[in-house]
There are 2 protein chains.
Amino acid sequence: MHSFTEENYLKTIYAISLRQDGDVSTNALAEVTATKAASVTDMLRKLADKELIHYKKYQGVRLTEEGERLALQIIRRHRLWEVFLVDKLGFGWDAVHDIAEELEHIRSDELTARLDAFLHYPQFDPHGDPIPTQTGQMPETEYRKLSDVNEGEAVRLMGVLEHSTAFLQHLDRCQLTLGCAVTLGEINPFDRSVRVVSETGQPIFVSHEVARNLLVE
Amino acid sequence: MHSFTEENYLKTIYAISLRQDGDVSTNALAEVTATKAASVTDMLRKLADKELIHYKKYQGVRLTEEGERLALQIIRRHRLWEVFLVDKLGFGWDAVHDIAEELEHIRSDELTARLDAFLHYPQFDPHGDPIPTQTGQMPETEYRKLSDVNEGEAVRLMGVLEHSTAFLQHLDRCQLTLGCAVTLGEINPFDRSVRVVSETGQPIFVSHEVARNLLVE
DNA sequence: ATAAAAATTTAGATAAGTCTAAATTTTTAG
DNA sequence: CTAAAAATTTAGACTTATCTAAATTTTTAT
């Protein structure tokens, strides 16, 4: 079987692949896993031996089919546990990442299936990220960034691109909750900040930095 | 902080201490942890350095106050997760031990407290074992073994001493469920097997081996 | 009381995952 | 196009938890 650490590398390779095209570099992995490039190289050799990644020295890596299957399994478990922590245990959406990071490594298909049923087969986690299916499909979403929406459009907040505690707590303070409907007011041409109006009619000022990290439909 | 492995040793030392008096031997630990005596010795030196156990070479070990506090914390988490797995996810009581063995190592006091509340502060796990309190007290129970009960007495099944899957499944097949009331019929003088009669009037034959591992009140 | 048996510890080795420092390859800029 | 910079890999070392084999201590049985 593969270790806790190997699972984290697979998950990280998948995550980096999503936000760029081409292969994933050693340095990018070192940064995200908070290790040194030399350590990453060692692990890549190991994952390549197990045929979980395609790896050519100096050329970066890409998951094999089996590697991607495993990565999606881990992400599925992570997101299901996040739903559990928020919906059932009442944690804030900004407080669940680290705990889910541990829970995701419990490799029991029956546990995952029962948890899924207990949560009524959720399709999205508390941050709006889609939950991969049992068969390893990542549901497609067609969300736009709030920063790409035009003045006057009415949209609904569906997810976040940034998952840091600081960002999520900022959204809480602004009353920007997933699922809430907002209408775009004028976009400030100087700093591209924007005023949005929530269902309750309350105006909320949103910086471009925040708008770039909010997904809407 | 202490490792996953150190936690398992503490838990094991506590468990062995309960079922014998005097200090716990290296060999006993090696057997339960499925390692070799030499490996146990190494770990004991380490736990002694951290002042989690009292250890004198060749003399066996005993938990310090801090060691016992940690052991009870781990056992508390283990048993709370077992309640979750059985009561909320619908696992059989014979199928939860291994999964709880992994969940117990997630060291978040907030997670444990919220799980406890979500489960409505259970006092016993699915096998009738008491759940240590948040402050590290192991609730006392005054159960007798079914093998010590006299003919004609009416008792209620409250727990098990043996936790193997095989034993628990045997009880399921006999319809011997925790909480069920039974009256003792005659004890066979030859093999000390006993006939018990359940609430429904159904007679159940119980070997001495089984009776020795059933706790009643 | 002492020799044999049992239990325990020590010594030295291994595997996983990490590190630093040095070497190598690839990329970039003039 | 080539030299410097950046990225990556290799070499050698460390830590944790384990092992086997040998040495030591304790217990047991005569």
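For the protein assembly as shown, what is the accessible area per residue in Å² when the probe is 1.4 Å?
Roughly 54 Å² per residue, with all protein chains present.
Anything losing 30 Å² or more of accessible area from the isolated chain to the full protein assembly: pick those residues out of segment B:99-135, probe 1.4 Å, ligands and DNA/RNA ignored.
The answer is B:I99, B:E102, B:L103, B:I106, B:L111, B:R114, B:F118.
Of the residues B:V160, B:V96, B:V32, which exhibits the maximal mean-square fluctuation in a Gaussian network model of chain B defined by a 10 Å Cα contact cut-off?
Top of the fluctuation ranking is B:V32.
Taking only Cα atoms and a 10 Å spring cutoff, compute GNM fluctuations for chain A and point out the largest among A:Q73, A:Q202, A:Q123.
Fluctuation is largest for A:Q202.
What does the charge add up to near B:D116, with Lys and Arg as +1, Asp and Glu as -1, over the other residues with Cβ less than 10 Å from its Cβ?
In short, +3.
Taking 7 Å along the Cα-to-C-beta vector as the label spot, tell me the B:F190-B:Q59 distance in nanometres, rounded to one decimal.
For the pair B:F190/B:Q59, the computed spacing is 5.2 nm.
Can you send over the carbon and sulfur percentage of the accessible area for chain A, probe radius 1.4 Å, protein chains only?
Taking all protein chains in place, chain A shows 48 percent carbon and sulfur surface.
Under the definition of Cα pairs under 8 Å and six or more residues apart, what whole-number percent is the relative contact order of chain A?
Taking the mean separation of contacting Cα pairs over the length of chain A, I get 15 percent.
Which whole-number percent is the relative contact order of segment A:76-141 (Cα, under 8 Å, 6+ apart)?
39
Once label points are set 7 Å from the Cα along Cα→Cβ at both A:L161 and B:T141, what is their separation, rounded to one decimal in nm?
So the two model labels end up 5.5 nm from each other.
Set the Förster radius R0 to 41 Å, insert the Cβ-Cβ distance between A:T183 and A:Q134 as r into 1/(1 + (r/R0)^6), and round the FRET efficiency to 0.05.
Efficiency at R0 = 41 Å is approximately 0.60.
Test of understanding: what is the full-extension gain from A:D98 to A:M1, defined as 0.36 nm times their sequence separation minus their Cα-Cα distance?
Taking A:D98 through A:M1 to full extension adds about 32.6 nm, to one decimal.
Short version: which residues of segment A:66-87 lose at least 40 Å² of accessible area, all chains versus chain alone, 1.4 Å probe?
Those residues are A:F84.
Add +1 for every Lys or Arg and -1 for every Asp or Glu among the other residues with Cβ under 14 Å from the Cβ of A:Q202, and state the total.
So the environment of A:Q202 carries a net charge of +1.
Could you tell me the convex hull volume per residue, in Å³, taken over the Cα atoms of segment A:4-63?
Once divided by residue count, the hull of segment A:4-63 is 70 Å³.
Kindly count the pairs of lysines across chain B whose alpha carbons are less than 30 Å apart, treating pairs on different chains or eight or more residues apart as eligible.
Qualifying lysine pairs in chain B: 14.
Compute the normalised compactness of the protein assembly as shown: alpha-carbon radius of gyration over 2.2 N^0.38 Å, N being the residue count.
So the protein assembly as shown has a normalised radius of gyration of 1.24.
What are the DSSP H helices in chain B that stretch 15 Å or more along their long axis, judged by alpha-carbon atoms, and whose average Kyte-Doolittle hydropathy comes to at least -0.5?
The qualifying helices are B:4-18, B:37-49.
If R₀ is 25 angstrom, what is the calculated FRET efficiency for the pair B:S108 and B:R45, using the beta carbon separation as r and rounding to 0.05?
Given R0 = 25 Å and the Cβ-Cβ separation, E is 0.30.
Kindly state, to the nearest 0.05, the FRET efficiency for A:N150 paired with A:A15, given R0 = 41 Å and r defined as their beta-carbon distance.
The computed FRET efficiency comes out at 0.85.
What total accessible area, in Å², is buried where chains A and B meet, using a 1.4 Å probe and rounding to the nearest 100?
Answer for the A-B pair: about 1500 Å² buried.
Taking Cα centroids, how far is segment B:145-173 from segment A:109-160 in Å?
About 47 Å separates the Cα centre of segment B:145-173 from the one of segment A:109-160.
The values are calculated or read from the model by the stated rules, or taken from the named source; none is laboratory data. Computed from a predicted structure; not experimentally measured. Cβ sites come from the backbone with ideal geometry, for glycine too, and all protein chains shown count toward neighbours. Just so you know, the surface numbers come from the protein's heavy atoms only, side chains and all, with ligands and any DNA or RNA stripped out. Shrake-Rupley method; radii C 1.70, N 1.55, O 1.52, S 1.80 Å.
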